[in-house]
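Worksheet: the structure to be examined is printed underneath.
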Amino acid sequence: MKINKFIINLLFNITIFGLFLGLNIHNSNAYPVFAQQNYSNPRAANGKLACANCHLNQKAIEIEAPQAVLPNSVFEVVIKVHYDTTKKQIGATGKPADLNVGGILILPKGFKLAPKNQIPAEIKAKNKGVFYSPYSTELDNILVVGPIAGKTHQELTFPVISPDPDKNSNVKYLNYPLYAGGNRGRGQVYPTGEKSNVNTFGAIQTGQITEITTGEKGQSTVNIINVNGTKTSQIIPAGLRLTVKAGDIVKTEQSLNVDPNAGGFGQEESEIVLQNPLRIIGYLAFCFCVLLTQVFLILKKKQFEKLQAAELNF
């Protein structure tokens with residue numbers, strides 16, 4: 001009986017301890033979790049991708065995809081997210097950090113992430129240490145990746161498998177669009193609407209800066225007083241370099257710090273053809289027939305020329 005009570009008490013204490021730890025775990029909010037949590041479909045009706053709602057700066061990307069693919073074949077779609085690797089971004093703690101990158105690829109219905117056992121060794125080598133995943137269980141044709149180290153992953157290679165119309169009646173041999181987005185660096189806005197520290201912060205009123213103090217965590221407090229004597233204080237997060245000093249006159253929304261943003265988001269689109277193998281066979285057969293016809297035509301022409309030469313000799 002004593003042993004049973006001891007085991008019951010032990011299990012009860014372990015359960016309480018586990019619940020306590022669970023309550024103290026902070027949510028991990030990072031790209032692309034923000035988009036997955038707040039948007040059932042990341043592409044709006046106007047074509048804008050959800051990532052652009054938080055990553056406000058625009059930076060160009062490139063997309064490389066095959067012009068055509070055969071059914072049930074594995075191929076790669078590459079999103080190039082190039083940037084100057086010497087640039088640093090302001091981390092969440094206010095300290096300089098390397099830029100991360102992330103990507104999103106919206107494929108036609110039926111296309112999806114290739115199974116591991118079908119991915120060629122060459123693509124596996126490119127994606128070593130990189131984890132690609134579907135956007136959701138309902139939208140397995142939308143793939144996401146990131147955040148990952150930007151210095152070593154400026155080209156995101158998505159392994160994709162094409163559908164087979166003979167097995168899926170909803171898929172046809174047609175020309176389909178591809179939509180891609182690529183991001184480098186942290187976002188300027190959180191989904192809640194709050195600014196991150198990767199921003200310029202403007203003065204909340206016109207007036208004179210009376211004092212600038214630095215807090216224990218490195219944040220700066222800017223005190224401004226207007227002509228009516230109204231005093232306001234606003235906090236500039238740690239790590240941002242101020243462009244103003246005590247005694248300066250500022251206007252409403254005038255920037256108080258240097259823009260720290262070194263990243264941005266870009267999106268592109270392309271097209272891909274799901275090609276019917278019978279069309280290719282038919283095309284090759286047509287080319288062979290044309291080639292054969294041309295050969296016979298030349299042989300006939302040579303034969304006719306020989307006949308003309310023989311008639312002239314008589």
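Condition test on Ser162, is it assigned by TED's automatic domain parsing to the domain that holds Gly47, over 20 Å from the mean Cα position of the chain (by Cα), more than 30 Å from Asp259 (Cα to Cα) and exposed (fewer than 13 other Cβ atoms within 10 Å of the Cβ)? Considered against the rule, which asks whether it is assigned by TED's automatic domain parsing to the domain that holds Gly47, over 20 Å from the mean Cα position of the chain (by Cα), more than 30 Å from Asp259 (Cα to Cα) and exposed (fewer than 13 other Cβ atoms within 10 Å of the Cβ), Ser162 comes out as no. Among residues of the range 180-194 that are free of Cβ contacts under 8 Å to residues at least 40 places away in the same chain, none has a Cβ under 7 angstrom from a residue that is part of a loop (DSSP other than H, G, I, E, B) and not hydroxyl-bearing (Ser, Thr, Tyr) at a sequence gap of 6+ or on a separate chain. In the range 292-306, is there at least one residue being in contact with a strand residue (DSSP E or B) (Cβ under 9 Å, 6 or more places away or on another chain), at pLDDT 90 or above, not aromatic (Phe, Trp, Tyr) and not in a loop (DSSP other than H, G, I, E, B)? No - not one qualifying residue is present in the range 292-306. Just so you know, in the range 213-243 the residues that are of a type in the set (A, V, I, L, M, F, W, C) and farther than 16 Å from Val258 by Cα include one that is nearest to the chain's Cα centre (by Cα), and it is Ile224.
Candidates in the range 219-234 are the residues that are hydrophobic (A, V, I, L, M, F, W, C) and surrounded by 12 or more Cβ atoms within 10 Å (Cβ to Cβ); of these, the one that is nearest to Pro96 (Cα to Cα) is Val222. The set of residues in the range 177-200 that are in a strand (DSSP E or B) and closer than 17 Å to Val101 by Cα comprises Ala180, Gly181, Gly182, Asn183, Arg184, Val189.
The values are calculated or read from the model by the stated rules, or taken from the named source; none is laboratory data. None of the values given here were measured: they were computed from a predicted structure. Neighbour counts run over all protein chains shown; Cβ positions are idealised from the backbone, glycine included.
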